[in-house]
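The values are calculated or read from the model by the stated rules, or taken from the named source; none is laboratory data. These numbers come from a predicted model, not from an experiment. Note that each Cβ is placed from the backbone with ideal geometry, even for glycine, and that neighbours are counted across all protein chains shown. Just the protein is used for accessible areas: all its heavy atoms, side chains included, with ligands, DNA and RNA removed. Shrake-Rupley method; radii C 1.70, N 1.55, O 1.52, S 1.80 Å.
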Amino acid sequence: MAWSTPAGASAVLHDWDARRAAAWAAQDPDALRSLYVPGSTTGGADVAMLRAWRERGLRVRELRTQVLSLDVRRATATRLDLLVTDRLSGAVARGPGVRLPLPRDRPTTSHVVLVRDGDGWRVAQASAVRTTSWTVRSRNE
């Protein structure tokens with residue numbers, strides 16, 4: 001199971017991200033939906049976002065996901081359970097007379113579950129993980 005290693009899981013995720021970017025660039029909601037398991041709320045939200053851009057007459061291209069860290073929590077022949085920190089970068093919305101570079105996303109940590117079927121890997125779940133970063137100071141400082 002090559003995908004059970006961080007490098008293998010990263011390759012699976014990279015391939016999935018590339019297919020997602022292609023679906024966005026083609027403005028193809030069916031291709032985008034096919035990347036998610038049926039009924040996925042994450043997939044439904046992604047398709048709704050694509051349609052909203054399309055209704056504005058804009059096509060989002062150059063959608064790149066930069067993976068900053070990846071931890072394989074569990075891997076089987078049909079399921080990858082990952083903790084991923086990534087951000088979106090480089091996206092540009094284009095339309096007639098419009099070229100709008102989208103702002104670079106801030107890093108987000110997500111729990112991502114991919115399942116494998118005859119058509120390849122699909123996202124079953126992608127939910128943000130709450131992270132807390134703070135410094136506790138003494139009242140005497």
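Residue-by-condition table, conditions (1) open to solvent by 50 Å² or more (accessible area, probe 1.4 Å); (2) more than 26 Å from Asp117 (Cβ to Cβ); (3) touching a His at 6+ places or on another chain (Cβ under 9 Å):
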site	(1), (2), (3)
Leu35	no, no, no
Thr41	yes, no, no
Asp46	no, no, no
Glu55	yes, yes, no
Arg79	yes, no, no
Asp86	no, no, no
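Given (1) in contact with an Asp or Glu (Cβ under 8 Å, 6 or more places away or on another chain); (2) open to solvent by 80 Å² or more (accessible area, probe 1.4 Å); (3) among the basic types (Lys, Arg); (4) within 20 Å of Asp117 (Cβ to Cβ), where does Arg73 come up short, assuming only one miss?
All conditions are met except number (4).
Name the helices (runs of 4 or more DSSP H) wholly inside the range 4-74 in which the number of residues that are in contact with a helix residue (DSSP H, G or I) (Cβ under 7 Å, 6 or more places away or on another chain) and farther than 17 Å from Leu88 by Cα is 2 or more. Give the derivation first.
Values: elements: 6-25, 29-33, 41-55.
Those helices (runs of 4 or more DSSP H) span 6-25, 29-33.
Could you check the range 96-112 and list, in sequence order, the residues that are assigned to a strand (DSSP E or B), among the hydrophobic types (A, V, I, L, M, F, W, C) and over 11 Å from the mean Cα position of the chain (by Cα)?
Here is the first cut: in the range 96-112, the residues assigned to a strand (DSSP E or B) are 98-101, 108-112.
Still in the running and among the hydrophobic types (A, V, I, L, M, F, W, C): 98, 100, 112.
Within the range 96-112, Val98, Leu100 meet the criteria.
Can you report the number of residues in the range 7-33 which are open to solvent by 40 Å² or more (accessible area, probe 1.4 Å) and of a type in the set (A, V, I, L, M, F, W, C)?
Total meeting the criteria: 5.
So which pairs qualify, if the first residue must be in the range 54-75 and within 16 Å of Pro29 (Cβ to Cβ), the second must be open to solvent by less than 70 Å² (accessible area, probe 1.4 Å) and among the aromatic types (Phe, Trp, Tyr), the Cβ gap must be under 7 Å, and the two must be at least 6 apart or on different chains?
These pairs meet every condition: Val60/Trp24; Val60/Trp53; Leu63/Trp24.
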